[in-house]
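What follows draws every value from the coordinates through simple rules; no lab data is involved. Model, not experiment: these values are computed from the prediction. A quick note on method: Cβ atoms are made from the backbone with ideal geometry, for glycine too, and the neighbour counts reach across all protein chains shown.
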Amino acid sequence: MAIEVRVPTILREYTGGEKSVNAEGDTLQAVISNLEVNYPGIGGRLLDDSGLRRFVNVYLNDEDVRFLDGLNTSVGDKDAITILPAVAGG
Amino acid sequence: MRLWAKLEDRNPTGSVKDRAALNMVIQAEAQGLLTPGCTLLEPTSGNTGISLAMVAKQRGYKLICVMPENTSVERTQLLTMWGATIITSPAAGGSNEAVRVAKGLAAEHPDWVMLYQYGNAANAQAHYDSTGPELLLDLPEITHFVAGLGTTGTLMGVGRYFRDHKPEVQIVAAEPRYGEVVYGLRNIDEGFIPELYDASLLTSRFSVGPLDALKRTRQLLELEGIFAGISTGAILHAALGVAKKADEAGQEADIAFIVCDGGWKYLSTGAYEGTLEEAEAKIEGQLWA
């Protein structure tokens, strides 16, 4: 199973500069744990004690996971996860 | 399955922001915050500045806008035409950076008044008082409302209105996804969430990239003869996604979406000419919404 994870510029120091990496897991939480195994330190930039960090947005196939099941959101093969820092428009 | 376009380009300066801008000024006057000839300051990617500039000119105020440098030239032209002064902020960090610069200027110039669209309740209230009721009056069978997520004012105001008057309406946000330079923050804790934002008012939130936004903007023009700005394409993309889900679930739906503005101030971006891929390449790095 391969899930594509798109990483913002600010976190590419953990992925050796790669903007897209593959990960495994059947929930978003599992995917993040898997990312931490391969790219140590990245987990701490995404999560804090309360869960997903406030200024980190995560999208599953372009849908904000906070409106799905958060960290428990189910993830499957060929899904794409996009991580972005919170940037407003207007 | 029906899609309904609410044509906010028909407002006085041509965008949905006219509602928020006028209400923010009216409320500030009512609170005694404005004096004749005083200076307003506002971080804006364009439309709010243009709306405020017109209101300011009519009511005798000066306006200084902090605007990211990676916005279309028409926005600068219109702001200047309405008499506003523009201070540009760097492309990196997008509107986050414009807000940061504006807050710094406000601290240095306590006599300037920053109405602050990202946190001013009068922004969302304008939509509670006008946009929401218009939608319900014109489309009592409404099932979904889709708008762009920027300051969050439209979605918060309309969302709160439907929560109070027709809570089963789904409130769907379309968030523009920009090129990498806009997300080039120095650290992830430099993120910014508008103070108006209350996630509990939304049903779902979609990220929409420039290719999809451009595709839908062109389809709206070609199939419906509606000449809209690129953010409207993003909103329509989300609306079509919601329509597809409802259709697959065998549900009837009357989905209203906001046409934020016309395409006039985006002509220079190349969005309406050449292939989609050519247009996408041209707006890469721009704050296209």
Open item on the list: For a quick check: sort A:Ser20, B:Ser130, B:Ser200, B:Ser207 by the number of other beta carbons within 10 angstrom, fewest at the front.
Closed with: B:Ser200, A:Ser20, B:Ser130, B:Ser207
TODO: At most 13 other Cβ atoms within 10 Å and a DSSP loop assignment: could you name the trypsin sites (Lys or Arg not before Pro) in region B:170-274 that fit?
DONE: B:Arg186
- [ ] Once you have the Cα-Cα distance between B:Ser200 and B:Lys244, take 0.36 nm times their residue separation minus that, and quote the gain in nm to one decimal.
- [x] 13.5 nm
TODO: Extending each Cα 7 Å along its Cβ direction at A:Glu4 and B:Glu180, get the distance between those two points in nm, one decimal.
DONE: 1.6
Open item on the list: Show me, for region B:262-278, the HN-Hα J-couplings you get by feeding each phi into the Karplus relation (A = 6.51, B = -1.76, C = 1.60, θ = phi - 60°), rounded to Hz, glycine and proline as x.
Closed with: x, x, 3, 8, 10, 4, 5, 6, x, 5, 10, 9, x, 6, 4, 5, 5
Task: Full-stretch length increase - B:Asn187, B:Gln251 - with 0.36 nm per residue and alpha-carbon distance subtracted - done: 18.7 nm
Task: Radius 13 Å from Cβ of A:Asn22, net charge of other residues (Lys, Arg +1; Asp, Glu -1) - done: -2
- [ ] Please give the length that would be gained between B:Glu108 and B:Gln77 if that part of the chain were fully extended, namely 0.36 nm times their separation in residues minus their C-alpha to C-alpha distance (nm, one decimal).
- [x] 8.5 nm
Task: Dimensionless Rg over Rh [the protein assembly as shown; C-alpha; Kirkwood] - done: 0.96
TODO: Quantify how strongly other chains surround peptide A:6-18 by giving the mean number of their Cβ atoms within 10 Å of each of its Cβ atoms.
DONE: 2
Open item on the list: What whole-number distance in Å separates the alpha-carbon centres of region A:14-38 and region B:93-141?
Closed with: 37
Open item on the list: Calculate the FRET efficiency for B:Glu69 and A:Ser20 from the Cβ-Cβ distance with a Förster distance of 35 Å, rounded to the nearest 0.05.
Closed with: 0.80
- [ ] Mind checking A:77-88 for the average number of partner chain beta-carbons within 10 Å of each residue's beta-carbon?
- [x] 6
Open item on the list: What does the net charge come to around B:Glu69 if you take all other residues with beta carbon closer than 14 Å to its beta carbon, with K and R at +1 and D and E at -1?
Closed with: 0
Task: √(5λ) per eigenvalue of the Cα gyration tensor, chain B, largest first, Å - done: 29, 23, 17
Task: Test item: B:90-100 mean partner chain Cβ contacts at 10 Å - done: 2
Open item on the list: Quick check: pseudo-label points 7 Å beyond the Cα along Cα→Cβ at B:Ile87 and B:Trp264, how many nm apart are they?
Closed with: 2.9
Task: Net charge contributed by nearby residues that have their C-beta within less than 14 Å of B:Ile87 (K/R +1, D/E -1) - done: 0
Open item on the list: What are the extents of the Cα atoms of chain A along their three principal axes, in Å, largest first?
Closed with: 37, 28, 25
Task: Ordering of A:27-34, B:34-41, A:43-50 by packing [mean C-beta count within 10 Å, highest first] - done: A:27-34, B:34-41, A:43-50
Open item on the list: Between A:Arg54 and A:Thr27, what is the label-point separation in nm under the 7 Å Cα-to-beta-carbon projection?
Closed with: 2.5
- [ ] For region B:17-114, count the residues as N, evaluate 2.2 N^0.38 Å, and divide the Cα radius of gyration by that value, please.
- [x] 1.00
Open item on the list: Tell me the relative contact order for region B:140-289 as a rounded percent, counting alpha carbon contacts under 8 Å between residues six or more apart.
Closed with: 29
- [ ] Determine ³J(HN,Hα), in whole Hz, for all residues of region A:51-64 in sequence, where each value follows from phi through the Karplus function 6.51 cos²θ - 1.76 cosθ + 1.60 and θ = phi - 60°; x replaces Gly and Pro.
- [x] x, 5, 4, 4, 9, 10, 10, 10, 10, 9, 6, 6, 10, 4
Task: DSSP beta bridges in the protein assembly as shown [antiparallel fraction, %, rounded to 5] - done: 35
Open item on the list: If you average the alpha carbon positions of region B:56-78 and of region B:190-242, how far apart do those two centres end up, in angstrom?
Closed with: 24
TODO: Filter the GluC sites (Glu not before Pro) in region B:228-280 to those in DSSP coil with at most 16 other Cβ atoms within 10 Å of their Cβ, and list the result.
DONE: B:Glu252, B:Glu273
Task: Karplus-derived 3J(HN,Hα), 6.51/-1.76/1.60, for each residue of region A:33-44, Hz, glycine and proline x - done: 4, 5, 4, 5, 4, 8, 9, x, x, 5, x, x
